[in-house]
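The values are calculated or read from the model by the stated rules, or taken from the named source; none is laboratory data. Since we're looking at a predicted model, the values are computed, not measured. As a convention, Cβ positions derive from the backbone with ideal geometry for all residues, glycine included, and neighbour counts pool all protein chains shown.
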Amino acid sequence: MSDPDKDGAFGTAAINNALKDVVNSQSDAGQTDKPPKPSGWVEKSGYNYAAYNASTREEREAAQSSGATEDGPAWAANAVKYEWSDEYGDVGPAHPELEKQLFQDENIMRIGNDILNIQEIEVTQEGEMRIRPVRKFEDAGLHPIMLQNVSLCRYEAPTPIQAYCLPAILKGQDVIACAQTGSGKTAAFLIPTLSKLMGKAKRLAAPRPNVAAGFDPRTDAVRAEPLILVVAPSRELATQIFDEARRLCYRSMLRPCVVYGGGPVHEQRIELQKGCDVLIATPGRLCDFMEKPHILSLRRVRYTIIDEADEMLNADWDEELKKIMSGGDTNEDADHVYMMFSATFPKGARELARQFMALDHVRIRVGRAGSTHINVQQTVIWVDEDKKKQALYDLLSSMPPARTLIFVNSKRQADFIDDYLYNLDLPSTSIHADRTQREREDAIRAFRSGKCPILVATGVTARGIDIRNVMHVINFDLPSTAYGGIDEYIHRIGRTARIGNRGLATSFFNDRNEDIADVLVKVLLEAKQEIPDFLQGKVPEGGAEAITFDDDTDNEGDDQTATGWGETASAQKTETAPAAADSGWENPEPTKTDAKANDGWGKPEPAKADASEWQSASNDDWQSGAAW
């Protein structure tokens, strides 16, 4: 497979021509002869069952060394991390080989050329405290090692969600943050929490063995007592956050671990017993370990972070979530900070916030909750149900080969489409909830590396998954209301065009999708996308200027509460306030600000602040900061 554009996406002309080819080819969809294999794709490869059936880690690694599968750890939870030694001072020495693996791998997501389209999105904050966003990581008061790790990650300047979350979290404020997919939410909560604990780990962390000198679980095992707890709804998202934590914990005493269902409990327990300062977990496996207080205790937790919070509000997880948020065992730390992050936030999230968060918690919203951005070129085409397979093949054949994520609504459909493509010599694989965890991790590795650049998936990969050069998302099945509706659609297409890159989202539409047609048209209008002819009747009178959404960003003034959820007199849009390096906070009288068309952030006149504090916001500074 060859990626057509490392930094961008397909050209507009190529996209349009490809879509025309798909539409024109539908008249021939009844053909039964096997079509020729499209050019440019890598050769398909079968699954290495020798590695899958290995009974021990040694046997699996031996099977992998034959070259039949991807090299890598047997389980994502066992990925190598920086191990602290008792010989180190406050900062550990560099580890060149590990540093290369953590920061220089060719498959790590990199910032794209269209980051300005994210920077331009309007930011709204609510709450009693006013946050002055940071424009540079150097202005946020981060620990020196964190600044070095941020630089190694090639993060040049904060995205909007990071610009507001960094000062809020560093100040110890409870935060609810909503921002578009691919806008840097993971770094928004990991950077400030880890930085706050760096330099304090020796005083705050529980005793643990000197793993760098060796580890014998029979004599050296300790109880895991993390300082940071991150809860994610899916296994793939949990391991991805773990990978980011491994990078940002580099050269510090903080030790990250991840626990999730499907993986071997024994190996995850061993990792916990080596010591754990940052725990990333899925709800089920976390609650299992919480039932074993000799293995895991949450009494030291300072930060509890719920990622993809709207998904975590599912009734299936109600009991587990309440147990997690309450700490499980005694945690009397008055400084405990709670955070919730997501790209979509239904009104049901408010009740959870009222139960566990401080009354003065801060709510930060980048754009409209549940919106997407213009870096995703969304195209909807009519395809009759019985012609969708042929249309999919024609679309893959006519586009430049690139990592392509195909979403379906059922596990059976995922297997069916994967088999269909594989039998046509396309290098595909699939992932869904009935796959074993080993199969799921192998599929993600094969997709990430480009060995199997076509991944057929259900909603299990719709949230948070961050894989470089995913240039095309195809909704073979649009998500009906029963499968998550428009929120699911937003999360799906968010797997492409991440952190300033561009991508294409193509959706097959027919009369089975009428239940989401109205709101789909609104999303397309909001993102300035073309409305196909067969959906023109759904365009509201007045066009894009007249659209409204049934979510918590419309008419918020009707829902004013003491928790800061509603638009109150103290709530204001603060897209542009430059940050003071010392505190990052102020509490001014409300002001009106207008975002400038060129950068979307603007520069308001402060109502009650020393004007000298604002002089550093020169045009040159803003331009250099926008290069992120």
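A few remarks follow.
- Residue pairs whose Cβ atoms lie under 9 Å apart, sitting 6 or more positions apart in sequence or on different chains, and linking a residue in the stretch 142-161 that is on the phi > 0 side of the Ramachandran plot to a partner that is surrounded by 21 or more Cβ atoms within 10 Å (Cβ to Cβ), are Arg154/Ile111.
- Taking the stretch 400-482 and the strands (runs of 3 or more DSSP E) fully enclosed by it, the elements with 2 or more residues that are closer than 17 Å to Gly503 by Cα are at 403-407, 454-457, 470-475.
- Residue in the stretch 244-252 that is closer than 22 Å to Arg440 by Cβ, among the charged types (D, E, K, R) and in contact with a Ser or Thr (Cβ under 8 Å, 6 or more places away or on another chain) present: yes
- Only one of the listed residues (Thr239, Thr193) is outside the structural domain of Ala433 (by TED's automatic domain parsing), closer than 22 Å to Asp442 by Cα, part of a helix (DSSP H, G or I) and in contact with a helix residue (DSSP H, G or I) (Cβ under 7 Å, 6 or more places away or on another chain). That residue is Thr239.
- Subset tally (residues that are in contact (Cβ under 8 Å) with a residue 60 or more places away in the chain and assigned to a helix (DSSP H, G or I)) for the stretch 483-512: 8
- Count - residues of the stretch 374-402 that are at pLDDT below 80 and crowded, with 22+ Cβ neighbours inside 10 Å: 1
- If you filter the stretch 62-115 down to residues that are closer than 22 Å to Leu152 by Cα, crowded, with 17+ Cβ neighbours inside 10 Å and at pLDDT below 60, you find that the one that is farthest from the chain's Cα centre (by Cα) is Asp114.
- Within the stretch 196-236, the residues that satisfy the criterion of being buried (at least 18 other Cβ atoms within 10 Å of the Cβ), in contact with a Leu (Cβ under 8 Å, 6 or more places away or on another chain) and in a helix (DSSP H, G or I) are Lys196, Leu197, Ala201.
- Residues satisfying the stated conditions in the stretch 318-328, i.e. surrounded by 13 or more Cβ atoms within 10 Å (Cβ to Cβ), at pLDDT 70 or above and of a type outside the set (Ser, Thr, Tyr): Glu320, Leu321, Lys323, Ile324, Met325
- Tallying residues that are in a loop (DSSP other than H, G, I, E, B) and modelled with pLDDT of 90 or more within the stretch 156-189 yields 5.
- Of the criteria (1) in contact (Cβ under 8 Å) with a residue 12 or more places away in the chain; (2) assigned to a helix (DSSP H, G or I), which one Gly537 fails: (1)
- Output for the stretch 493-519, where each listed residue is surrounded by 22 or more Cβ atoms within 10 Å (Cβ to Cβ) and modelled with pLDDT of 90 or more: Leu504, Ala505, Thr506, Ser507, Phe508
- Qualifying residue in the stretch 146-159 (condition: of a type outside the set (A, V, I, L, M), buried (at least 23 other Cβ atoms within 10 Å of the Cβ), assigned by TED's automatic domain parsing to the domain that holds Ala358 and farther than 26 Å from Gly89 by Cα): yes
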